[in-house]
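The values are calculated or read from the model by the stated rules, or taken from the named source; none is laboratory data. None of these values were measured; they are calculated from a predicted model. Quick reminder, even Gly has a Cβ in these numbers, built from the backbone with ideal geometry, and neighbours come from all protein chains shown. With ligands, DNA and RNA removed, areas are computed over all heavy atoms of the protein, side chains included. Shrake-Rupley method; radii C 1.70, N 1.55, O 1.52, S 1.80 Å.
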Amino acid sequence: MRILVIGLSRDLPLGPADAMELADHLVKRAAGVQSDDLEVLRVERIQLIDAVLNLCTYHHPENIQLPAGYQPPNLAISTLYWKAWLLLLVVAAFNPQKIGLAAWDGYPTLKMLMEMVMTNNYSYPPCTVADEETKTEMINRELQISQKERQEILAFESHLAAASTKQTITETNSLLLSQLTSLDPKGPPRRPPPLVLDQVKSLNQSLRLGHLLCRSRNPDFLLNIIQRQASSQSMPWLADLVQSSEGSLDVLPVQCLCEFLLHDAADDTSSIDDEEEGESKEQRVKKRQRQQKQRQLLGRLQDLLLGPKADEQTTCEVLDYFLRRLSSSQVASRVLAMKGLSLVLTEGGLRDGEERDQLMEEDSGDAELLPGYQWLLQDLPKLPLFDSVRGLTASALQQAIHMETDPQTISAYLIYLSQHAPVEEQSLHNDLALDVARLIVERSTIMNCLFAKHSCRPESDAVLSALITIFSAYIRRMRKTKEGEDLYSWSESQDQVFLRWTTGETATMHILVVHAMVILLTLGPPKGESEFYILLDIWFPDKKPLPTAFLVDTSEEALLLPDWLKLRMIRSEVSRLVDAALQDLEPQQLLLFVQSFGIPVSSMSKLLQYLDQAVSHDPQTLEQNIMDKNYMAHLVEVQHERGATGGHTFHSLLSTSLPQRRDSSEVSRAKVTVETPHGSVKMRAVSQVPVIGPEDDLTGILLQLFPLKVDPRWPPPPVRPLSLALQQTLAQEVLRARQGHIQQGGAAGRLLQALAALLNSAHAGALVMAMHHSHTISCPLLRQLHLYQRLVSQDVGFSSLFFNAVMQMLTWLENSAVETGPLHSLLKSLAAQYSHKHRITDVRTGFLHLAEALAYRRDSEVAARGIIASLRAGEKCNAEPELIRKVLQGLMEVKSPYLEELLSLLMTIGTENGTPGNAAGPVAMVISLLLQETEERGVKIEVDSKITESKKPGSCSGLLVDWLELLDPEVTSVCSDLQQKLLFAQNKAKSSGVSVAPSYRPYLLALLTHQSNWSTLHQCISSLLNKHREQRLDPTSALDFLWACSHIPRIWQGRDQKTPQKRTEQFVLKLCSEELISLVDLILSESELSCRDSATSKSALDQVSCSLLQSRLPLLHSCLHSDLDNVKKVSEYLISCVKKWGDSIMSKRCQTLLLQIYLHFPEVIQHIRLPEATLSAEGAADGSTCKLDVLVHRLITLLADTGDSKSAENRVSDANLACRKLAVSHPVLLLRHLPMIAALLHGRIHLNLHEIRQQTHLTFFSDVLAVLELLQPLVFHSDHQRALQDCLLSFIKVLQNFRRSSRMPIINKFVQFIQKYITYDAASAVPFLQKHSDVLQGLSTENPDLVQLKSLLAGLTLPVKSGSSESAAEDRDAEDSSSGSLPLVNISASVLLTAADMTKCLKKISKGEAIEDVFEGLTEVDEKSKRNPEIIQYFVNDLQRLMSSPEEVCRNMAFSLALRCIQNIPSMAAEFLPTFMYCLGSGNFDVVQTALRNLPEYVLLCQEHADILLHKAFLVGIYGQIDTSSMIAESMKVLRMEATT
């Protein structure tokens, strides 16, 4: 370890390579002399791994400086890197508990090398990787890492070359590419070079590293590999490991020995066919050695299980390794596990052959039935420690029975579980019963194979007895449990049932267990002794009711025997089960069971007897459930031929509706046996027409006459006799009706009811198509029904039912694609006759009847059809509009299918003839219906469900909207008040007050926008924006409509489609001031409603409100027309609203809207005074755009320009003036770009002092600091804290280079600005400055004359009062020059002009003094103002006087000082405007020239009056004959490029 530390030190002469070489030699020599009794290479410090790896790190030369921000990759020297891994491999092999475990868990590459030496396999990926997908993934990952590594090394070497040789580095000339590698010891394992793999192999052979690692039991690396691979692939290296163990099998884990045994057993299985005579002598020797090793290994395992030293842990480990594989999803794995268990438990288990034979004779017969499973049934229970593994074995076998597919194996498992499964605990017993039950119920294929009658398996009876034993013991135990005892948790109780027997005993068990026991009973009793009948008596007691079952979780009565289980019981040979299954069966179940296959004759006889009883008890229900009586009758005949008895009554029921079938069959038989003429037979058969009785099923007769499906396998029954019988019955009833004998419940009524029932069922379409194809039968029947209906016309019910049936059949035929046939013509004729006969002579009376029917919820169909028929016949609609509206409302409520037809007739008549008393009646009616429906639906809306109207079923709004569009295409031209209420009224749900907009409103608004003429639109807009409107508008609908009006495509029709390059924006809506204020009210109202409707947090509401206001700004902007007067009026209105609302939420919304208007029209600030809260409001920089963003961005970019040309300096100077002016006039607009200024400053902090001065970066820092001073105090607001602190951080980092330059003014100004920052907001400023106090301390140390800085540092060490920035702002007026508890020097102390000096200078430049004294005074002010421009403001009056002085020297000096004063305080520009105008109009040519020379700079600083100044200069040029064009052009150039207003 000391050598490694020496190698890591740069002060000692031993380098990393030499240290690594020396450590490598020491480790290998120590490993070579180590023995069992002498530990030489003992290492416990895990830090050794990191120390060795640190020696490999590559360090680039210190004299090479890499680019700023570039982070070099972690690289290692390749040769040292792999030598380090080999050294650590040796140390880990000799110290597995410390170094080995740490390497295995934390260093994948070292773990890979350890696995290589353990498996003696040196390939990549290592052979311990289980599946091919993982191998492919490792290879691909290695390729990616290698490629990335090459790129990083080339980039790193390119940076090194750029700093030294300036050579371009590629893969061909790279020097480091072959010498370096990535240093990521805890990353994915890397592919070792071939030379390293050879060295690993050599080390393993000489030092036996793999043997040492395999011998380690704590930690057990070998067991980890074996468990990881499991049975996923073969492990040939394991055989070599065991083979090379040289008799020391006790050092290997038990799992390793078991795996080798399985591997060897698999090899024996695969090489049985290869033992031919062609084997060489060497192969025979190897084979004998392997067999000898196998016997040795087997003896070792058997000794662990059967020997005197056998213990519980080793026994469980050996058996667990094999038993876990019994439930594997791979067949080969299960077979190998059984073979391994057979070898371990059977071979050698008994020493003597005679003794073995003797014990086999004494054993039970189970092993004889399953000779291949003696290891399980006979040898396993004889283990000395069998009690220790009973639970383990039973659990493994319970899982295996669900995966195993061999019936014999499952049989052996079940026999073992019945004899040896531990059931002492209730939970274990429950699990055993449930697992076996799942096998019986869910694995039907295995059960059929085990107990099939034709298979005759010898072990079937033994397995059945074992299953009965398991369940009989379980049911006896469960019946002994007390009622209410919790046997299951709540989550398990959902499939549990509570059972109660008539004897009073109770039990709770899984429903699958119950079904499994019933299935076992259906198999019948096994041969030999069993508890079959005990189980049968428990579940199906003789002549006693069955136990009742209840669900555990809900206490509801459970269905103990479902239909599928009853069917299995009926198929059983056990008569008691058959009787139990047939009890209390419904007719439908009986019919289902009788059609099933596989039912014995005895069970079928009982079924038929129960069917006979059902015919006697309830023939009508039974007959309704029979779909095909012909097939059922044939089925009964077939069962009779099988030998079944009973069912004659049932067969006679089936035959009553099919008498001709039997008669014709008898006649045909008679024709064969008795020789009679064919003609007589035919005449006799036709003459036997059946008679339709009152009890006959007319539905079945209709289905026979018109079969829904024709099965080609069965001949169609003769239907003509049946149709003739039905026609004769109807004819007799018609004859009786003519004679006046009308019979209630006659054949006609029953036939019509049967037809209506079929038409209302799912088979209506098929029935109508069958009637269409069999029109020779259907048409006569319909004509007879129509004839009967005319005779009993007073029976309204029969007439209505008949007409409904006719209309339904007609609808089906018209909707289908069939050709028109006789049935279709007949139906149309019947429909026309009925409509003509049932017309109502008085439409108003019909409406009254219909209204009464709707009011009392009676059938309104007849009345509605009567009104429709009358209207179609041309009758005049004499009903009142209110009555019509009431009827239509009722039809809408009951969702009548006649609503659309009736509404269509009423609207057509109303538009053609007009409604008396009201020409706009139809439109008003439709609108009132829509409004009524909207109000009713608004009541039903639940706020939380957020259900839209379009998703609600049964809405009639679509129909009404369509009619409104047809009646009034302009939507608002007929009934403007009602229609505007429909379009724009605010609807609220009465229960919650939430605004609910109808779903049809956007469509109507689109119609209004696109289909109305200009006058209609003008009228609608005026009505919306009328301040004295009566109704409350929905602001969203109104604003959407106004926006759409400004984008109507018709406005732009006929214009040039090519947009000119220089185009002016054209505004569509021209609103007056009152309308603009109404528009602003709508925008604010929409924001208020949106926040009221949503239940979210306050911050989220503010964000929603702000975004909503911003979305309406384009509409407001287009209506303002960029007219300053309009903007001024809207702003004044919003200011008044702010004052009116105070501190409420509406006041904040008004401030937000006012701020957005200011961002779009900054010039408004010249005409109104915005509230301070508006300028400091949040959201000025969030999600909004500003008119001047582009110009401000360009100004800041120009200010940051570092060009060395004269033009660049001029641009920077102009930009500085413009930014200063902007900071005074529009601070909010400039503060939006404060993050950009911070970013530009941050991009210069890496430069040294020489670069900053040479490239004029210092000028940019000075200009920015001056702008920040002008932005006080808004720049200290909390919204700008982050950007401000970013700027200050850049200043602090740059000031690190100015420690010996205290005379630089920027340091003093920066300290003064920090003091003002602390004064305004100490709570935010002091923590920030304390983070960087070391830099300020260094500045103070190097510049002891900075008194202000010392005071600042002294204050930073004191505690600061906690408080918000608002509290600091409130207190700053009461404080003189300190904030909180910080004792700061007064800023005024830095002013260099004392009172005596000021008096002296004023006296010198005062009026009447000599020119020399005036110039001397101005020069003195000029010198002092260069460092402190604030002093100029004390001489403003004298400067204004001297600006028009005839003395050129004084005049120039006065102009220079005046401009410097304005530059420092741009707000003073207007004070010099009269003087400047006077100078321009002076009669002295020299004064005018001086004023013109300074015109561009002054115009830039006094932009708000630029028009006056330039106009004056133009007049001077015209009338004074002076060339002012160049100065005016220069001024325009500056204004055009950097204008801010």
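Between residues in segment 59-79 that are in contact (Cβ under 8 Å) with a residue 40 or more places away in the chain and residues that are among the charged types (D, E, K, R) and surrounded by 10 or more Cβ atoms within 10 Å (Cβ to Cβ), which pairs lie under 7 Å by C-beta distance while being six or more apart or on different chains?
Pairs found: Pro73/Glu152; Asn74/Asp184.
Looking only at residues in segment 1189-1206 that are without any contact (Cβ under 8 Å) to a residue 40 or more places away in the chain and open to solvent by less than 60 Å² (accessible area, probe 1.4 Å), which one is farthest from Phe1161 (Cα to Cα)?
The extreme case among them is Ser1205.
When you scan segment 159-172, how many residues do you find that are touching a helix residue (DSSP H, G or I) at 6+ places or on another chain (Cβ under 8 Å) and either open to solvent by 40 Å² or more (accessible area, probe 1.4 Å) or without any contact (Cβ under 8 Å) to a residue 12 or more places away in the chain (or both)?
Summing the residues that are touching a helix residue (DSSP H, G or I) at 6+ places or on another chain (Cβ under 8 Å) and either open to solvent by 40 Å² or more (accessible area, probe 1.4 Å) or without any contact (Cβ under 8 Å) to a residue 12 or more places away in the chain (or both) in segment 159-172 gives 4.
Would you check if Lys201 is closer than 22 Å to Lys98 by Cα and either open to solvent by 50 Å² or more (accessible area, probe 1.4 Å) or aromatic (Phe, Trp, Tyr) (or both)?
Spelling it out, it is not the case that Lys201 is closer than 22 Å to Lys98 by Cα and either open to solvent by 50 Å² or more (accessible area, probe 1.4 Å) or aromatic (Phe, Trp, Tyr) (or both).
If you scan segment 131-158, which residues turn out to be open to solvent by 80 Å² or more (accessible area, probe 1.4 Å) and farther than 30 Å from Pro67 by Cα?
Scanning segment 131-158 gives Glu132, Glu133, Glu137, Arg141.
Collect the residues in segment 387-420 that are in a loop (DSSP other than H, G, I, E, B), within 15 Å of Asp431 (Cα to Cα) and of a type outside the set (A, V, I, L, M, F, W, C), keeping them in residue-number order.
Selection gives His402 alone.
Which of (1) small (Gly, Ala, Ser); (2) over 22 Å from Met517 (Cβ atoms); (3) not in a loop (DSSP other than H, G, I, E, B) is the odd one out, the single condition Ala580 does not satisfy?
All conditions are met except number (2).
Exactly one of these conditions fails for Lys543: (1) on the phi > 0 side of the Ramachandran plot; (2) assigned to a helix (DSSP H, G or I); (3) not hydrophobic (A, V, I, L, M, F, W, C). Give me its number.
The single condition Lys543 does not satisfy is (2).
Hey, among the residues in segment 762-806 that are within 18 Å of Ile742 (Cα to Cα) and of a type in the set (Val, Ile, Thr), which one's farthest from the chain's Cα centre (by Cα)?
Among those that are within 18 Å of Ile742 (Cα to Cα) and of a type in the set (Val, Ile, Thr), it is Val792.
Can you run down the residue pairs with Cβ atoms below 7 Å, 6 or more apart or on separate chains, where the first is in segment 774-798 and closer than 15 Å to Leu705 by Cβ and the partner is among the hydroxyl-bearing types (Ser, Thr, Tyr)?
Hits for this filter: Ile777/Ser723.
So, in segment 595-630, how many residues would count as being part of a helix (DSSP H, G or I), closer than 17 Å to Leu565 by Cα and among the hydroxyl-bearing types (Ser, Thr, Tyr)?
Matching residues across segment 595-630 total 1.
When you scan segment 749-765, do you find a residue that is touching a residue at least 60 places away in the same chain (Cβ under 8 Å), within 19 Å of Trp812 (Cβ to Cβ) and either in contact with an Asp or Glu (Cβ under 7 Å, 6 or more places away or on another chain) or surrounded by 15 or more Cβ atoms within 10 Å (Cβ to Cβ) (or both), even just one?
No, because not a single residue in segment 749-765 is touching a residue at least 60 places away in the same chain (Cβ under 8 Å), within 19 Å of Trp812 (Cβ to Cβ) and either in contact with an Asp or Glu (Cβ under 7 Å, 6 or more places away or on another chain) or surrounded by 15 or more Cβ atoms within 10 Å (Cβ to Cβ) (or both).
Quick check on Ala762: is it part of a helix (DSSP H, G or I) and not hydroxyl-bearing (Ser, Thr, Tyr)?
For Ala762, the condition - part of a helix (DSSP H, G or I) and not hydroxyl-bearing (Ser, Thr, Tyr) - is not met.
Sort through Leu326, Leu306 and tell me the only one that's within 50 Å of the chain's Cα centre (by Cα) and at pLDDT 70 or above.
The conditions single out Leu326.
Hey, any hits in segment 1497-1514 for a residue that's touching a Pro at 6+ places or on another chain (Cβ under 8 Å) and either open to solvent by less than 60 Å² (accessible area, probe 1.4 Å) or part of a helix (DSSP H, G or I) (or both)?
Yes, because at least one residue in segment 1497-1514 is touching a Pro at 6+ places or on another chain (Cβ under 8 Å) and either open to solvent by less than 60 Å² (accessible area, probe 1.4 Å) or part of a helix (DSSP H, G or I) (or both).
Checking the structure you have, find out if any residue of segment 1238-1245 is under 21 Å from Ser1324 (Cβ atoms) and buried (at least 22 other Cβ atoms within 10 Å of the Cβ).
So far as segment 1238-1245 goes, yes, one or more of its residues are under 21 Å from Ser1324 (Cβ atoms) and buried (at least 22 other Cβ atoms within 10 Å of the Cβ).
Within segment 606-627, work out how many residues are surrounded by 18 or more Cβ atoms within 10 Å (Cβ to Cβ) and either modelled with pLDDT under 85 or among the small types (Gly, Ala, Ser) (or both).
5
Here are some conditions: (1) at pLDDT 80 or above; (2) touching a helix residue (DSSP H, G or I) at 6+ places or on another chain (Cβ under 9 Å). Val1190 meets all but one. Which one does it not meet?
Of everything listed in (1) at pLDDT 80 or above; (2) touching a helix residue (DSSP H, G or I) at 6+ places or on another chain (Cβ under 9 Å), Val1190 misses just condition (2).
Failed condition for Ala337, given (1) in a helix (DSSP H, G or I); (2) surrounded by fewer than 19 Cβ atoms within 10 Å (Cβ to Cβ); (3) under 53 Å from the mean Cα position of the chain (by Cα), with all others met?
Here Ala337 clears every test but (2).
Quick one: is Arg1441 part of a helix (DSSP H, G or I), open to solvent by 50 Å² or more (accessible area, probe 1.4 Å), farther than 18 Å from Ala1218 by Cβ and of a type outside the set (Ser, Thr, Tyr)?
yes
One line per residue, one yes/no per condition, for (1) of a type in the set (A, V, I, L, M); (2) farther than 23 Å from Ile701 by Cβ; (3) without any contact (Cβ under 8 Å) to a residue 60 or more places away in the chain:
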site: Leu561; (1), (2), (3): yes, yes, yes
site: Leu567; (1), (2), (3): yes, yes, yes
site: Asp584; (1), (2), (3): no, yes, yes
site: Pro587; (1), (2), (3): no, no, yes
site: Ser596; (1), (2), (3): no, yes, yes
site: Val601; (1), (2), (3): yes, yes, yes
site: Ser605; (1), (2), (3): no, yes, yes
site: Met627; (1), (2), (3): yes, no, yes
site: Asn630; (1), (2), (3): no, no, no
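Would you say Val601 is open to solvent by 30 Å² or more (accessible area, probe 1.4 Å), touching a helix residue (DSSP H, G or I) at 6+ places or on another chain (Cβ under 6 Å), farther than 24 Å from Val514 by Cβ and modelled with pLDDT of 85 or more?
When the stated conditions are applied, Val601 passes them.
Test Thr128 against the stated conditions and say whether it is without any contact (Cβ under 8 Å) to a residue 60 or more places away in the chain and of a type outside the set (A, V, I, L, M).
Taking the combined requirement at face value, the residue does not satisfy it.
Can you find a residue that is under 25 Å from Leu1191 (Cβ atoms) and not in a helix (DSSP H, G or I) anywhere in segment 1318-1331?
No, every residue in segment 1318-1331 fails to be under 25 Å from Leu1191 (Cβ atoms) and not in a helix (DSSP H, G or I).
Being among the polar types (S, T, N, Q) and within 30 Å of Met509 (Cα to Cα) narrows it down to one residue among Ser605, Ser652, Ser555; which is it?
The conditions single out Ser555.
With respect to the numbered conditions (1) modelled with pLDDT of 70 or more; (2) within 47 Å of the chain's Cα centre (by Cα); (3) open to solvent by less than 20 Å² (accessible area, probe 1.4 Å), which one is the sole condition not fulfilled by Thr1036?
Condition (3) is where Thr1036 drops out.
Between Leu565, Leu592, Leu560, which is part of a helix (DSSP H, G or I), open to solvent by less than 50 Å² (accessible area, probe 1.4 Å) and of a type in the set (A, V, I, L, M, F, W, C)?
Residue meeting the stated conditions: Leu565.
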